[in-house]
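I have placed the structure first, in the form of C-alpha cells, so that the comments after it can refer back to it.
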Amino acid sequence: MTATLGDAARVFLEAQGFEPDAFQLEAIAAIERGASVVVTAPTGSGKTLIAEAAIEIARAVGKRAFYTTPIKALSNQKYRDFVVRYGEDGVGLLTGDNSLNGDAPVVVMTTEVLRNMIYADSAALDGLGVVVLDEVHYLQDRYRGSVWEETIIHLPAGIQLVNLSATVANGDEFAGWVGARRGATELVVEEHRPVPLESVYLLRDRYHGDAIEWFPVFGKDGIRPNPRVVTLLRKGRGRHKRFATPRRLEVAESLLVNGKLPAIYFIFSRAGCDQAARTVAASGLRLTSVSEREEIRAVATEATAHLDATDLSVLGFTSWVAMLESGVAAHHAGMVPAFKETVEQLFAAGHIKLVFATETLALGINMPARAVVLESFSKFNGESHELLRAGDYTQLTGRAGRRGIDSLGTAAVLYSPYVPFKKVADVAAMGSHPLVSSFEPSYNMAVNLVANYSKSRAQELLRASFAQYRMQERAARLTARINDRSAEVARYRAAAQCELGDIEAFAAAAAGPDDPAGTRRTFLEAVDSGDVLDFDDGTRWVVIARGYGGNPRFHLLSEGGQEDRPRLADLHGVRGCPGSLDLAQPVHARDPDYLRAAAEELGRWEPDSVEFRAFDGTVSGMSIAACPKLDEHLSWLARSRRSAKELRRLERRRVRVSDDIVTRFEARMGVLAELGYVEKWTLSEKGERLRRVYSELDLLLTEIAAAGHLGGLRPAEFASVVSLFTFEPRIADPDGARLFGVVAERNGLIEGAWQRLSAVEDRMGVPNTREPQAGFAPLAYGWASGADLEDLFGGDDFAAGDFVRNCRQLLDLMRQIRDAFPGLAAVAATAISATDRGIVAVGGHA
C-alpha cells in the first residue's frame, strides 16, 4: 500500500521494517494531499508514526516541523527520540525551561510556547510547514485547555495540523471544527486496540480465607456486567460483610502468581504511591534476578551522576535504589526528573516489574505493561472526588498490553463498597466520552486580540472557538427541536378545539373547588417543576418537584421559604399558573441553600405571560359541558400545555446558548478598560506589557509591576515575592507561610491589589482571579540566597519534584518579567541566575 505514497513517506515507512496499519496509511496519505488530520486512536496503537511521517514530508520540501506536547516531560522525551533520528543539530527543544537549537528543522515544544510565538508573530513561524499537536484531547483540561484552541484558531493559514488524540466519542464534531478553522481536514478513526484488553474485577473474599478472586467484568456478550459478580455481591451483603478491597501487597503477589507482571498500579495520591512501593519492597517480595539488580544499580547511578552527592543524600538515594533493586518503584510529579526518568528507563527495559503511579503516567509516557491496576474508581479533581469517566478509563488502561509481546492486556479494577459494580462495568464498556471545550477568554488573550485584530474580527475569532462551535451546533439542534415542538403544540391545540365552545375557558372555569368535569385534575396533571402557582389566599408558590402516578405528591416552596408537600387530591385553592420560574439545574430539592436561593428568586419573579386564566367561574350554562368528547378535548388540552411548557424551556436554553463566549470576553474587556489597559480598542503601555505576561495571574502581576511593588528588591527578595504568583498549594494551608521584612510588606500590598481587582471583577461579572499564595516564598528566598537542600529541608520529608517544579515555574515567570518590564530586567536576571542552579538547573535540563 505504500506504493501509492510519495517518495518521502514511502522511504520513511519502508525503513521502519514493518507493515503500517491501514489507519496510519490513511492519515499519511491525507497529509501528503495537503490536508490537516484529526487522528483518534487507542493508546499504543501507533499515532506517533503518523506524526513522524508528517515531519518527513515537510522536511522533504524544505519546510520546518513543530511537535508540541502538553507537558515538559513529554517534550523532553520526544526531543531525545528525535535526536537519535536526526542528530543534535537537526532538532530543537523549547519548553520554557530549555531553549536548545530553536532554529532547527524540527523543534519540540510545549503547546504554550507555540501559542506565545503566534501572539508575538515570531519569525520562527516562517517556513513552518506542519505542526503536530500531540495529546490534543488535552484541550478539555480546565486549567490549560484554552491554549490548544487558541493555537488552532490563530496559527497562520497554510500550515498543516496533525492532531493526535486518544479515542473520543465526538471525533467527527472536533474534526468539523478544525476544518472550519483550517480548511481541508480529514478524520481518521481507529478503534481497534493493537493488543486486546480484558477487564477484570478483583476482590478479597473473607469466606475463602481472604483469597484474592479474579472475575471478568463483562458477561459472555462482552458488554453487560458479569451476572456472576452481580449475584455474588448481592449475596455478600449483610451485617458481616463478605468482600473487601484487596490490600496492595496482596495485589502485587496475585499479579506475580497470575503472570501479570510487569504492571502499572494507579493510585491517585503521591503519598499512596510512595507508601505502596515501600510496603512491597519491604515485604521481601523479590521480583528481580541478581543480574537485573546489578543492572538497576548501574543505570540509576549513571542517570543521577549529574546530581550533587549532598543533594542525593537529602533525596534518599540509597533507599530509593534499594527499592528499585527489588523490582518496585513509585512514579509521580513529586519526584525529581532524574528519578522519574530512571524509573521509566528501567521499566521500559523490563527490569522494574511493578510501578505505583499517579494518573500523570497515563499521559503519553512510553511505558507499556502487561497489566494495569486501578486501585480506585474515583479521583480528586481539585475541588471534589468524582468517578472516572469512560475516557479516563480508556486512557489509564491504554498501557495494558505490549505490542509484539503480549497477546492480551489486562485492566484490573479493585472492589470498592462505595462504587457499584454495574457502574464500573458501564464505564469500562463505554470506551470514550465526548471531547468538550474548556475555552475561557483570559486577560492576556484579550489584549493580544486587541493588538492583532479589529474588534469585529476578534469577536469573529472568539466565535470560532470549539466551545462556540459546539454551542452553535447545540443551538442548531435546539432550533430543530423547537420547530418540532411548536408544530406539536399547534397540532394538540387544534385537536383540543370543540365546536360547542371554548375549551380553554371551560377548563379555567371548571377548575374550581367543585370541579364537576374533573378539569382541575387535568390542569394540575400538566403542572411540573418550575411552574408558579397562585392561590386564592393571595400566596404564590413554585413547584420544586413532583411525583407521578394516580395521586402524585407535589413539593411546593413559597416566597417566604416555607415548604409544603400536598398530594394532588389535597391541592385546593389554586387560582392560576401565571408562568414558570427558571430553576437552576439540576434541582436539589433537599438542599437548604438551593431552596433558599429559589425562594429569593421567586420573590423577585414577575410573570412573563398569563398561561392560564383565573379559575373563578363555573361550568353551568356552558354548552361545551354536554360534548360527548369532552374528556378527549381536555386530554388534548393538557398535552398541549405540557408541550408548550417544554417549548418555553427549549427557547430559554437557546437564549442562554447564543453568544456566551463573546459576552464573557466583553466582561473582561470592561475590567481592562476600567484599569487603564485599553481604550476604544487601543492598548495603553500597561496593555502592551500585559501582552507578554503568560500567567494565571497575568493582570494582577502587571498591576503590581506597574505600581512599582516589584522594584527596590534584592534578588532573593524578588524571587520570593514573584513566587506568590506561581505557587498554588496542593492542599490548603490554614496557617500559611511566615513572611518577614520587605517580603511581608510586599505581600500585604499584593493582597490589597488582589482585593481591589476582585471588586472590579465582581462588578463586571468576571470570575475572580485566584488569590496569590505565599507558601513557597520562604523556600524561594532561601534557595535564591544560596541555601542547599540540607539547609532548607534538613531531615524533613519533602517532595523534591515539587520543589524543582515550583522553582522552574518561578524561573519561567521571572524570565517573562525580565522581557516585559525593562526597569526590572537587571534584578530579574540576577534572581534567575541565583535560582537556576544545582538540582533546579539539572532538573530543567534532565
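The values are calculated or read from the model by the stated rules, or taken from the named source; none is laboratory data. These numbers come from a predicted model, not from an experiment. Cβ atoms come from the backbone with ideal geometry, glycine included; neighbour counts cover every protein chain shown. Accessible surface is based on the protein model in full, side chains and every heavy atom, while ligands, DNA and RNA are left aside. Shrake-Rupley method; radii C 1.70, N 1.55, O 1.52, S 1.80 Å.
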**OP:** Would you please name the residue that is modelled with the lowest pLDDT, looking only at residues in the stretch 206-219 that are outside any strand (DSSP E or B) and under 34 Å from the mean Cα position of the chain (by Cα)?
**Re:** Gly219
**OP:** Test Asp570 against the criterion of being open to solvent by 50 Å² or more (accessible area, probe 1.4 Å), within 20 Å of Arg649 (Cα to Cα) and modelled with pLDDT under 90, and give yes or no.
**Re:** no
Subject >> Lone unmet requirement of (1) in contact with a strand residue (DSSP E or B) (Cβ under 6 Å, 6 or more places away or on another chain); (2) surrounded by 20 or more Cβ atoms within 10 Å (Cβ to Cβ) for Ala53 >> reply: (1)
Original post:
Is there any pair with a first residue in the stretch 63-82 that is free of Cβ contacts under 8 Å to residues at least 60 places away in the same chain and open to solvent by less than 10 Å² (accessible area, probe 1.4 Å) and a second that is part of a strand (DSSP E or B) and hydroxyl-bearing (Ser, Thr, Tyr) whose Cβ atoms are under 6 Å apart and which are 6 or more apart or on different chains, and what are they?
Top reply: Ser75/Thr69; Ser75/Thr110
Subject >> Restricting the stretch 83-99 to residues that are of a type in the set (Gly, Ala, Ser) and free of Cβ contacts under 8 Å to residues at least 60 places away in the same chain, the residue that is surrounded by the fewest Cβ atoms within 10 Å (Cβ to Cβ) >> reply: Gly87
Original post:
Out of all the residues in the stretch 171-183, is one or more open to solvent by 60 Å² or more (accessible area, probe 1.4 Å), in contact with a Gly (Cβ under 9 Å, 6 or more places away or on another chain), among the aliphatic types (A, V, I, L, M) and within 30 Å of Ala35 (Cβ to Cβ)?
Top reply: no
Original post:
Here are Glu213, Glu191: which of them is open to solvent by 30 Å² or more (accessible area, probe 1.4 Å) and under 30 Å from Glu149 (Cβ atoms)?
Top reply: Glu191
Subject >> Spans of helices (runs of 4 or more DSSP H) in the stretch 681-791 with at least 2 residues under 30 Å from Phe317 (Cβ atoms) and open to solvent by 40 Å² or more (accessible area, probe 1.4 Å) >> reply: 777-784
**OP:** Could you please let me know if Ile153 is in contact (Cβ under 8 Å) with a residue 24 or more places away in the chain, touching a His at 6+ places or on another chain (Cβ under 6 Å), surrounded by fewer than 22 Cβ atoms within 10 Å (Cβ to Cβ) and not in a strand (DSSP E or B)?
**Re:** no
**OP:** From Arg142, Arg193, grab the single residue that is closer than 29 Å to Arg370 by Cβ, among the basic types (Lys, Arg) and not in a strand (DSSP E or B).
**Re:** Arg193
**OP:** Could you list, in sequence order, all residues of the stretch 282-302 that are open to solvent by 30 Å² or more (accessible area, probe 1.4 Å), assigned to a helix (DSSP H, G or I) and not basic (Lys, Arg)?
**Re:** Ala282, Val290, Ser291, Glu292, Glu294, Glu295, Ala298, Thr301, Glu302
Original post:
Which of the following residues is of a type in the set (Ser, Thr, Tyr) and free of Cβ contacts under 8 Å to residues at least 24 places away in the same chain: Ser456, Ser465?
Top reply: Ser456
Original post:
Counting only residues that are open to solvent by less than 10 Å² (accessible area, probe 1.4 Å), outside any helix (DSSP H, G or I) and more than 30 Å from Asp660 (Cβ to Cβ), how many does the stretch 408-460 have?
Top reply: 6
Original post:
Any idea which of Phe266, Phe243 is under 28 Å from the mean Cα position of the chain (by Cα) and either among the hydrophobic types (A, V, I, L, M, F, W, C) or open to solvent by 10 Å² or more (accessible area, probe 1.4 Å) (or both)?
Top reply: Phe266
Subject >> Positions within the stretch 118-150 being surrounded by 17 or more Cβ atoms within 10 Å (Cβ to Cβ) and either under 24 Å from Ala60 (Cβ atoms) or among the small types (Gly, Ala, Ser) (or both), in sequence order >> reply: Ala124, Leu125, Leu128, Gly129, Val130, Val131, Val132, Leu133, Asp134, Gly145, Ser146
**OP:** For residues that are part of a helix (DSSP H, G or I), open to solvent by 30 Å² or more (accessible area, probe 1.4 Å) and in contact with a Ser or Thr (Cβ under 8 Å, 6 or more places away or on another chain), tally how many sit in the stretch 269-280.
**Re:** 1
**OP:** From (1) in a helix (DSSP H, G or I); (2) modelled with pLDDT of 75 or more; (3) open to solvent by 40 Å² or more (accessible area, probe 1.4 Å), pick out the condition that doesn't hold for Ile482.
**Re:** (3)
Subject >> Residue list for the stretch 708-720, restricted to those being of a type in the set (Gly, Ala, Ser) and more than 35 Å from the chain's Cα centre (by Cα) >> reply: Gly708, Gly711, Gly712, Ala716
**OP:** Go through the stretch 573-584 and give me each residue that's crowded, with 16+ Cβ neighbours inside 10 Å and either outside any strand (DSSP E or B) or of a type in the set (A, V, I, L, M, F, W, C) (or both).
**Re:** Val574, Cys577, Leu581, Leu583
**OP:** For the stretch 490-545, name all the residues that are modelled with pLDDT of 85 or more, of a type in the set (A, V, I, L, M) and open to solvent by 10 Å² or more (accessible area, probe 1.4 Å).
**Re:** Ala490, Ala494, Ala495, Ala545
